[in-house]
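Have a look at the structure below, then the notes.
Just so you know, all these numbers are worked out from the coordinates, no wet-lab data involved. Just so it is clear, the structure is predicted and the values come from calculations on it, not from any experiment. As a convention, Cβ positions derive from the backbone with ideal geometry for all residues, glycine included, and neighbour counts pool all protein chains shown.
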Amino acid sequence: MPTPPHQLLIIGGGFAGLECASKLANDERFAITLIDRTNHHLFQPLLYQVATASLAGPDIARSIRQILADAKNVTVLMDEITAIDPTGKSATGLSGSVYAYDSLVLAAGARTGYFGHDEWAAHTLGLKSLADAQNIRRTVLSNLERAELSTDPAERAKLMTVAIIGGGPTGVELAGAFADLVHRSLKSNFRRIDTAKLRVILIEGSELILEAYEPDQSLYARQRLEKLGVEVRNNTRVTCVREGVLDFKDGSSLEAAAIIWAAGIAANPLTACLGVPMDRGGRITPNPDLSVPGHPEIFLAGDLVSMKNPDGKIVPGVAPAAVQMGAHIAKLLKAEGPATVRPSFHYHDKGMMAIIGKNYAVMKSGNICLQGFIAWLAWLFIHITFLVGFRNKLSVLLGWAYAYIVNNPEARIIVNPPTVATGKVPLT
Ligand SMILES: Cc1cc2nc3c(=O)[nH]c(=O)nc-3n(C[C@H](O)[C@H](O)[C@H](O)COP(=O)(O)OP(=O)(O)OC[C@H]3O[C@@H](n4cnc5c(N)ncnc54)[C@H](O)[C@@H]3O)c2cc1C
């Protein structure tokens, strides 16, 4: 009697889940079900370009079904997993379906985290999904339209203020791109307002922005942003977020019609179903082979993992780490036998980079630290080659090249705009 294939359930078609499925594609020993709540794989590193109207949403996403079309042993389903039963070896979806498994890979990523202040979510714009990016774009572009209509100077000033909380790579990239948008691309588009007067304020609680980089790179990033007109406020702690208002620890406040939260993430809440200890952000420290303590059949991969390399360095929550974890699990499952000793995961750090407006970036890889145009070129090259699927690469490259040459990004259409009177998005 032939042995039935091993039922592998993968939750999440992001960097980790997709890599794991791709590495096991067409291996007949595995019957794989990959479940994602969306129908697309999203290249999150370029979300900020969608948020700042440089790229359209579809440029940075691709259908998971399409990517895995040739993987005959992989079934792709769009469902949102709401519960996992580690004892019964099954997961339940929002559709009501129950998915039984022999092995499970939980690769459901992270969500925006508010350090225990979930009530701030209602007054801020996060940046984790395509919908988030489109919401930021819609809000900022609509605020400019409303400012063009307004005759009240105080209202105009508020509409023309974008506050970004969090001076990590996402905050820095957003701030630089917004500055480019209003100083270059939108420059001659409005008649009553001067878009160059849009205040972009980057707020960071600690001493330095881009803290993970070298101190001189952090300083360089700050100087570049200030040259672009961004107000960088270091050592500034937010104590409360209200509708259109930020309160700070020193007692001052700031009115901003767009408040973007780029200060933190928390693991997907599904980690709580596994019944093992989690850190404050909901992340789990797996065994060195990436399995869950007490559950050798459940693996964790990507942003919901908290672990250190054997050399003691923290494995960062970045796309290459997620990809490497997905590949590690696939390799381990392929080699699995009754007497095999599972290998430990070891993250190979290829470096990190952040873009600071057009033409400038910082990059750190081992002992190599680059900044300026050369780092920007490296960033451009790496991000394009990393994108999933040739069709996307080509269209993104052409779109970028066009916008770069003419300073004229095309993705400026406001879909489902907020009503002029209230600034709220109407229900359709
Ligand atoms: C704005 C931004 C910029 C970034 N920039 C960079 C960068 O420049 N370089 C870099 O290396 N990294 C960057 N990152 C981080 C990088 O994107 C993540 O580390 C990476 O996406 C993690 O991969 P993952 O597979 O763990 O999760 P994800 O890629 O987030 O995938 C998780 C998947 O799970 C699905 N999912 C979630 N919950 C459920 C559920 N309940 N049921 C079913 N499916 C579910 C989601 O739809 C998603 O497709 C950035 C992240 C953001 C948000």
5 Å is the cut-off here: which amide hydrogens, built 1.01 Å from N in the peptide plane, fall below it relative to residue 264, excluding neighbours closer than 5 in sequence?
113
Above-threshold pairs, the threshold being 24 Å between Cα atoms, out of 197/358; 128/227; 128/197; 308/350; 249/358:
128/227; 128/197; 249/358
In region 110-170, trypsin sites (Lys or Arg not before Pro) in a DSSP loop with at most 14 other beta-carbon atoms within 10 Å:
none
Could you calculate, for the chain, the ratio of the Cα radius of gyration to the Kirkwood radius, expressed as Rg to Rh?
0.98
Nearest-ten-degree value, helix 169-180 long axis tilted from longest Cα axis of the chain
40 degrees
Give the average over all directions of the projected area of the C-alpha convex hull of region 1-155, one decimal, in nm².
12.8 nm²
Helix-derived mean residue ellipticity, 222 nm - over the chain, DSSP H n ≥ 4, -39500 (n - 2.57), to 500:
-8500 deg cm²/dmol
Using a Gaussian network for the chain with springs between C-alpha atoms less than 10 Å apart, which of these wobbles most: 395, 252, 90?
252
Please report the spacing between the Cα centers of region 257-309 and region 163-216 in Å, no decimals.
30 Å
Hey, how many Å between the Cα centroid of region 2-25 and the Cα centroid of region 26-94?
11 Å
Helix 215-227: angle to the longest alpha-carbon principal axis of the chain, degrees 0 to 90, nearest 10?
40 degrees
Computed over the Cα atoms of region 206-315, what is the ratio Rg over Rh, Rh following Kirkwood?
1.10
Tell me the angle of helix 373-386 to the major Cα principal axis of the chain, expressed in degrees between 0 and 90 and rounded to the nearest ten.
40 degrees
Residues with amide H under 5 Å from that of residue 10, placed H, sequence gap 5 or more:
33, 34, 35, 105
Within a Cβ distance under 15 Å of residue 267, other residues only, what is the Lys/Arg minus Asp/Glu net charge?
+1
